[in-house]
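Student: Pasting in a structure now, in C-alpha cells, and then I'll have a few things to ask.
What follows draws every value from the coordinates through simple rules; no lab data is involved. Everything numeric here is computed off the predicted structure, so don't read it as measured data. Here Cβ is always computed from backbone atoms with ideal geometry, including for glycine, and neighbour counts include all displayed protein chains.
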Number of protein chains: 2
Amino acid sequence: MRARDLLTAFPTVTLETPVAEAARLLADQGLPGLIVVDGDGLPISILPGTQVLRLAVPGYCQDDPALARVIDEAHADVFLRAVAGRTVREAMPRERRELPVTDPDATVLEVAALMARTHSPLAAVVEDGRLVGAVTLRTLLDRVLAA
Amino acid sequence: MRARDLLTAFPTVTLETPVAEAARLLADQGLPGLIVVDGDGLPISILPGTQVLRLAVPGYCQDDPALARVIDEAHADVFLRAVAGRTVREAMPRERRELPVTDPDATVLEVAALMARTHSPLAAVVEDGRLVGAVTLRTLLDRVLAA
C-alpha cells in the first residue's frame, strides 16, 4: 500500500483566496486543512483548519481569553464578517517548516511518519511537479486498520 | 450563539485505552481528535489525531524520513500491529499546555479564539464538573458561516 493507493482529490486555495472562502471550504467539505498552491499548482503550504480560524479571530482576542469574553453574543456571532478583504496569504506561518508533501511511491508508514512529524492530518502528494491529490489521516487510519 | 448551542456528543478515552482502539475511534467516526478523561470523566487532555498516530509510528521512523523509506511495503502496511500493548498514556504530551476546555456559556468567538490559541480542532465543554460534549471546528465554522 502506497500513497497512490490512498489518494483523495483535494481542493486547493492560493495566497489570494479570501479567508471567508477558505473557511467555507473547510466547513462544507469537513476538511482537516487546506493545501495552498502557487501559480504552477504546486503546494507551498498546508494549513491546518485552526490556522485559518486564527486569521478570522480578531488579534486582541487571540491570546487573551478575557478579551474574547467581553464581546457580547450578538457581535461574537458575526466575527467572521470582519475578515472581509483578508486572504490566505495572511494565514501563512512565518517560520519555514517541513511541509507534509510526499510522492505517490511513499509507503503508508512513510506517510504516517510524515504526518506525525509535521503534526498534519493531511499530506499532499506530488508527482512529476504536479499535485495529484492528498492523503488524509482518516483515510490512512481506515486503510491501515483494515490491513 | 454559545458553546451549548454547538455541542456534539463526543466519545472519550482514558489513559488506559489501547492505542489501536483510539486509532479505530478516530478512523471510524472521522474525529479530529480524542478527549482523554480521568476516572471522574473530566478531560485531562485533548489529543489531536496526529498525536495518536505518532504513537503508532516506530520511534526510529519518526524523525528520520530515510529510515521509514527502507521498511518494505509489506511490513509498512501492518505497522499499526506493533502498537499492541501501548496505551493512550504514552501519547500524552510531556509539557503541560493550555487545554481546549470551555464552559457552555462561552460565545462562539471565545471558542474560536480558544481553538486558534491551542491549535485544537476540538474543544471540550465542561459544566458543573461534568463533560457535556465537545465543539468541533467544523460545527463552529458551519454555524458561524450560516449566521
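Student: Rounded, prolate or oblate, given the Cα gyration tensor of the range A:24-100, with a/c below 1.5 counting as rounded?
Tutor: Here the range A:24-100 falls in the prolate category.
Student: For A:G33, what charge total do you get from the other residues with a beta carbon under 13 Å from its beta carbon, if Lys and Arg give +1 and Asp and Glu give -1?
Tutor: My count for the surroundings of A:G33 gives +3.
Student: Out of residues 5 or more away from A:L122 or on other chains, whose amide H comes under 5 Å of its own, with H placed 1.01 Å from N in the peptide plane?
Tutor: Those qualifying (amide H under 5 Å, at least 5 residues apart or on another chain) are A:L137.
Student: For the range B:54-93 and the range A:12-52, what is the centre-to-centre distance using only Cα atoms, to the nearest Å?
Tutor: 29
Student: Return the tail of the calculated pair distribution for chain B, meaning the percent of Cα-Cα pairs more than 23 Å apart. Mind showing how you got there, number by number?
Tutor: On the way: 4328 of 10731 pairs.
Percent of Cα pairs beyond 23 Å in chain B: 40.
Student: Still on this structure, please answer the following. If neighbour count is taken as other Cβ atoms inside 10 Å, put B:I35, A:I71, A:I46 in order from fewest to most.
Tutor: Numbers: B:I35 25, A:I71 19, A:I46 22.
The order, fewest Cβ neighbours first, is A:I71, A:I46, B:I35.
Student: Across the range A:98-115, in residue order, what do the Karplus-derived ³J(HN,Hα) couplings come to in whole Hz, using 6.51 cos²θ - 1.76 cosθ + 1.60 with θ = phi - 60° and x for Gly and Pro?
Tutor: 4, 8, x, 10, 9, 10, x, 8, 4, 6, 4, 5, 4, 5, 4, 5, 5, 5
Student: Quick one: divide the alpha-carbon radius of gyration of the protein assembly as shown by 2.2 N^0.38 Å and tell me what you get.
Tutor: That ratio works out to 0.99.
Student: Helix A:137-146 sits at what angle to the longest principal axis of chain A, using alpha carbons and giving 0 to 90 degrees rounded to 10?
Tutor: 40
Student: Which value, to two decimals, describes the C-alpha radius of gyration of the range A:88-138 once divided by 2.2 N^0.38 Å?
Tutor: Numbers: Rg = 11.6 Å, N = 51, 2.2 N^0.38 = 9.8 Å.
My calculation over the Cα atoms of the range A:88-138 gives 1.18.
Student: Quick one: which residues, 5 or more positions from A:G133 or on another chain, have an amide H under 5 Å from its amide H? H modelled 1.01 Å from N in the peptide plane, none for Pro or chain starts.
Tutor: Amide H neighbours of A:G133, under 5 Å, 5+ apart: A:V125.
Student: Another question about this same structure. Tell me which residues come under 5 Å, amide H to amide H, from B:T87 once H is placed; ignore anything under 5 positions away on its chain.
Tutor: Residues meeting the amide H criterion: B:V19.
Student: A follow-up question, please. So what J values fall out for the range A:45-55 if you push phi through Karplus, 6.51 cos²θ - 1.76 cosθ + 1.60 with θ = phi - 60°, rounded to Hz, Gly and Pro as x?
Tutor: Here the 3J(HN,Hα) series is 6, 10, 9, x, x, 5, 6, 5, 4, 4, 5 Hz.
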